[in-house]
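Structure record follows, encoded as structure tokens.
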Amino acid sequence: MAGKWKPLILYFLLQGPNRYGALKRAIRDVSDKVLIQQLKELEADGILLRTDYKEVPPRVDYTLTPLGQSLAQALEPLCSWGTENMLEMQRIFAERDSWQRR
């Protein structure tokens, strides 16, 4: 599962169906192009389901397939670890970056 943002996409979809705009707001640093590409790849891989309601204005929901649910549940401890250790990792990255600039 290559793609920087795919674990976060799965994490937010684990909480239930989401629209594109909600995912974009939740994953603030991702560009539209990359988010769309990674959603398409996850759909092609059978990880998520895209439902187009053919309404005006357009409404599209993304939800995890059973395969996607099992993958997201496997990733959940990793996401929790990241949340719990975010401040320490930011400190380490900042220290490393300042050292590399010398």
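Values quoted throughout were computed directly from the atomic coordinates according to the rules given, and no laboratory measurement underlies them. Small disclaimer: the values here were computed from a predicted structure and weren't measured.
Restricting the calculation to Cα positions, tell me the Rg (one decimal) and the Dmax (whole number) of the stretch 16-70 in Å.
For the stretch 16-70, the Cα radius of gyration and maximum Cα-Cα distance read 11.3, 33 Å.
Could you give me the ³J(HN,Hα) list for the stretch 53-69, computed from phi with Karplus coefficients 6.51, -1.76, 1.60 and θ = phi - 60°, whole Hz, x at Gly and Pro?
So the Karplus estimates, Gly and Pro as x, are 7, 6, 10, 10, x, x, 9, 10, 10, 10, 9, 7, 7, x, 5, x, 4 Hz.
Could you give the length gained by full extension between residue 81 and residue 36, i.e. 0.36 nm per residue of separation minus their alpha carbon distance, to one decimal place?
Taking residue 81 through residue 36 to full extension adds about 13.5 nm, to one decimal.
Between residue 25 and residue 50, what is 0.36 nm times their sequence separation minus the Cα-Cα distance? Round to one decimal in nm.
7.2 nm
Find the relative contact order for the chain and round it to a whole percent, using C-alpha pairs within less than 8 Å whose residues are 6+ positions apart. Let's see the in-between values first.
Details: 83 pairs, mean separation 29.3, N = 102.
Averaging sequence separation for qualifying contacts and normalising by length gives 29 percent for the chain.
Compute the semi-axes of the equivalent ellipsoid of the stretch 6-100, taking the square root of 5 times each eigenvalue of the Cα gyration tensor, and list them largest first in whole Å.
Equivalent-ellipsoid dimensions as semi-axes: 29, 16, 11 Å.
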